[in-house]
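What follows is a set of notes on a single structure, which appears directly below.
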Amino acid sequence: LFVEGGTDHVGIGTNAPSCKLHVVDTTSEGKIIIENETLALLQLKQPTSSKTFNIELGRTDGDLTFRSTAERMRITEAGNVGIGTTSPSARLHVEDTTLGYNQAVFKVVGGGGSTVQIDGQGTVWTPKINLLNTNQGIERDGSNKMSIFAGEVRIKDKFGNQRAVFDNNNGRLGIGTT
């Protein structure tokens, strides 16, 4: 343990600390352990803006939580991640109830295609995918019917070959044609 008197920097494993707490471990891993039976907490504060962010373990059932003014995200012991929920029931569970019903807006970005599953277990059972700023999408109504709303709808097989097209602007359906 080294304390540099002029800067109040503390060094553990180093005689030249470059910040308030500088830890160096030359063995196989460097780690800091925060241990408490009730709540292990790492708190980050920015006093000039009155912002505080907590990373907590133990507040609720051994889950890892991320908080600012309230809980923002949770990782359960089972590996589920929840944003906007304190009890995630899937690998990624996103909820936003600010509009009075369950709605989540998130992006899926990637090459080669992406899969999005919508679980409409809320009080409003009309799962919908809207393509941002396009006025196009897919929705399911309460009678198990799917609707696609777009200017043109193309149906392709799993290899990407177009099998049918519906031109919504002209009311035409083409099968085996583009």
In sequence order, what are the phi-derived ³J(HN,Hα) couplings for the range 65-70 according to the Karplus relation 6.51 cos²θ - 1.76 cosθ + 1.60 with θ = phi - 60°, rounded to whole Hz, with x for glycine and proline? 10, 10, 10, 10, 6, 8
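Suppose R0 equals 45 Å; then what is the FRET efficiency for Leu44 and Asn170 from their Cβ-Cβ distance, rounded to the nearest 0.05? Don't skip to the answer; put the middle values down first.
Numbers: r = 58 Å, r/R0 = 1.28.
Approximately 0.20, to the nearest 0.05.
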Lys and Arg at +1, Asp and Glu at -1: add these up for the other residues within a Cβ distance under 13 Å of Phe53 and post the number. +2
Between Leu64 and Asp8, take the C-beta separation as r, use R0 = 30 Å, and let me know the FRET efficiency to the nearest 0.05. 0.45
Going by average Cβ neighbours within 10 Å, how do the peptides 168-176, 6-14 rank, with the highest at the top? 6-14, 168-176
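Read the figures in this text as sums done on the coordinates, not as results from a lab. Remember, predicted model here, so these are calculated numbers, not experimental data. Don't worry about glycine lacking a Cβ; one is built from the backbone with ideal geometry, like all the others, and counts go over all protein chains shown.
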